[in-house]
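Report on the following structure.
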Amino acid sequence: MSRRRQIYEGKAKILYEGPEPGTIIQYFKDDATAFNAQKKGTISGKGVLNNRISEHLFTLLGTIGVPTHFIRRLNMREQLVRQVEIVPVEVVVRNVVAGSLAKRLGMEDGTPLPRTIIEYYYKDDALGDPMVTEEHISAFGWASQDEMHDIADLAIRINDFMAGLFAGVGIRLVDFKLEFGRLYEGDFSRIILADEISPDGCRLWDMKTNEKMDKDRFRMDLGGEVEAYQEVARRLGLLPEG
Ligand code: C5P
């Protein structure tokens, strides 16, 4: 591993040069951050679970025709993915009021939304990822209008599929964050799903008890983070029945 060239180290993942041109290895760390990295910690075993959960979700999304960067899982903590140019916009999809939306609009956590809401945040740690509109995104050239059309379309398809998948195992998909990238093919590029989908970037509530099964356990000091992530994996059929 030490012989590989590290390309980037983020808060929860490290990216290494892949074995073939155009490939990258994503290494999933146990590190956890919240509130724009003001709160830092380690959730022992999180990286292994997120690698497995994200593999599962990206594979299923691939089968319904969502283009993704995922190629294959390499081992407990690593997956091989296609190299993309990340669009510097975090895409948040919301089905239920929670988190920053509840705070910003003074609404109660858990209020169902009459329709799915998509929000965009400019990826900039120094600025604390400010919320932006499609106007800003196209005016500043972060993505073209065509690309934003593809991104919104994919985000809705991903939400429809994942909300159903999680509902089937007794979990409410409250909200989640996606990242997209440009895959270059000759002179052209197309938008594909990148990064990861895991309990680090989703709000997942048990449908019966409303118990939080995601990174809010860490953000809110509720404890039981790894057990919650394990339970998500178990319900998705990725761990033996406990
Ligand atoms: O904090 P907020 O309510 O805006 O988060 C919405 C969703 O996006 C949550 O599921 C959260 O985990 C995710 N998110 C993320 N990374 C960020 C911001 C939000 O994964 N930088």
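A short reminder: the numbers here are calculations on the coordinates, not readings from a lab. This is a predicted model, so every value here is computed, not measured. Cβ sites come from the backbone with ideal geometry, for glycine too, and all protein chains shown count toward neighbours.
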Say the dipole of segment 6-82 comes from +1 at the beta carbon of Lys and Arg and -1 at that of Asp and Glu; which of Phe35, Gly62, Asn51 then lies farthest toward its positive end?
Phe35
Percent relative contact order of the chain, based on C-alpha pairs within less than 8 angstrom and at least six residues apart?
18 percent
Listing Leu49, Leu173 by rising number of other beta-carbon atoms within 10 angstrom, fewest first, gives Leu173, Leu49
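Per Stokes-Einstein, at 4 °C and 1.567 mPa s, what whole-number D in µm² s⁻¹ belongs to segment 85-224, with the Kirkwood radius over Cα pairs as the hydrodynamic radius? Before the final figure, lay out the partial values.
On the way: Rh = 16.1 Å.
Estimated diffusion coefficient is 81 µm²/s.
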Sites removed, the longest contiguous part of the chain containing no DSSP-loop chymotrypsin sites (Phe, Trp or Tyr not before Pro) with at most 14 other Cβ within 10 Å is 36-139
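Over 21 Å between Cα atoms: which of Lys46/Lys208; Lys39/Lys208; Lys103/Lys177; Lys29/Lys208; Lys177/Lys215 fall into that group? Provide the component values of the computation, followed by the final result.
Values: Lys46/Lys208 24 Å; Lys39/Lys208 30 Å; Lys103/Lys177 17 Å; Lys29/Lys208 31 Å; Lys177/Lys215 12 Å.
Table pairs above 21 Å Cα-Cα are Lys46/Lys208; Lys39/Lys208; Lys29/Lys208.
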I need two numbers for segment 6-82: Rg to one decimal and Dmax as a whole number, Cα atoms only, in Å.
13.2, 38
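Okay, helix-only estimate at 222 nm for the chain: each DSSP H run of n ≥ 4 adds -39500 (n - 2.57), divide by all residues, round to 500 deg cm²/dmol; what do you get?
-8500 deg cm²/dmol
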Using a 10 Å Cβ count of at most 10 others and DSSP loop calls, identify the longest part of the chain lacking such trypsin sites (Lys or Arg not before Pro).
6-207
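May I ask for the net charge around Tyr184, where only other residues with Cβ less than 11 Å from the Cβ of Tyr184 are counted and Lys, Arg are +1 while Asp, Glu are -1? Show your work: numbers first, answer last.
On the way: positive: Arg82, Arg182, Arg190; negative: Glu85, Glu185, Asp187.
Surrounding charge for Tyr184 is 0.
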